[in-house]
Amino acid sequence: SEATLASYGLQRGQTTGFGWQCLAARRLVERGVRFVELIDTGSSGNWDAHGDMLTHVPLAKNVDRPIAGLLRDLKQRGMLDDTLVVTAGEFGHTPRINPNAGRDHWPQAQSILLAGGGFRHGQVIGSTNDKAEHPTSRKIGVEDFCATVYHAMGLTVDDKLIDPSGRPVALVPGGTVPSEL
């Protein structure tokens, strides 16, 4: 419907862009696809901006509405509790602007949005100092993030994969699902 398209930031006949990816993802999940990855390639810029942070303004506008539309649509259809939606980058960026008016890679802190997946909603887990330099409470490591995603998929950190030589390898070397979730 026109209302559904608008909630994803789309217009009738539009079949490209991040909004279209979000709508297509909802349709795939609705039909039983268990894992869908969306990538905003930065059609209006580059998220990995090591220069000119002003490029993030159109990028944010490009993804905010479609993600909100996807979450609202999944909830209205009764699918959100069974669908984990993760919004994340490859890692954080420096809390200070560099000489090129951009930000460089910063693995010490990052924000990730989780919605649905049967987890408790509406909370912030962990915090950083006022400059977003380092965690100051409830640090969540990469292995915890992986354990959380795998948990939503019905897997555990104790599950093993068999490598090409026949050796069992841990799915995740440690990690726990945050109890707050």
Considering only residues that are assigned to a loop (DSSP other than H, G, I, E, B) and over 19 Å from the mean Cα position of the chain (by Cα), look in the stretch 119-137 and name the one that is surrounded by the fewest Cβ atoms within 10 Å (Cβ to Cβ).
ASP130
Is it fair to say ASP144 is exposed (fewer than 13 other Cβ atoms within 10 Å of the Cβ) and either of a type in the set (Val, Ile, Thr) or not in a strand (DSSP E or B) (or both)?
no
PRO173 being open to solvent by 50 Å² or more (accessible area, probe 1.4 Å), at pLDDT 95 or above and over 24 Å from GLY116 (Cα atoms)
no
Restrict the check to the stretch 58-68 and report whether at least one residue is under 30 Å from LYS139 (Cβ atoms) and open to solvent by 60 Å² or more (accessible area, probe 1.4 Å).
yes
Please name all residue pairs, on different chains or six or more residues apart, with Cβ atoms under 8 Å, provided the first residue is in the stretch 44-67 and is over 22 Å from PRO99 (Cα atoms) and the second residue is hydroxyl-bearing (Ser, Thr, Tyr) and modelled with pLDDT of 80 or more.
VAL63/THR87; ARG65/SER7; ARG65/TYR8; PRO66/TYR8; ILE67/THR87
Among the residues of the stretch 89-102, is there at least one that is of a type in the set (Phe, Trp, Tyr), free of Cβ contacts under 8 Å to residues at least 40 places away in the same chain and buried (at least 16 other Cβ atoms within 10 Å of the Cβ)?
no
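The values are calculated or read from the model by the stated rules, or taken from the named source; none is laboratory data. Note that the coordinates shown come from a computational prediction; the quantities given were computed from them, not determined experimentally. Neighbour counts are summed over all protein chains in view; Cβ atoms, including those assigned to glycine, are modelled from backbone coordinates with ideal geometry. Surface accessibility is based on the protein's heavy atoms, side chains included, excluding ligands, DNA and RNA. Shrake-Rupley method; radii C 1.70, N 1.55, O 1.52, S 1.80 Å.
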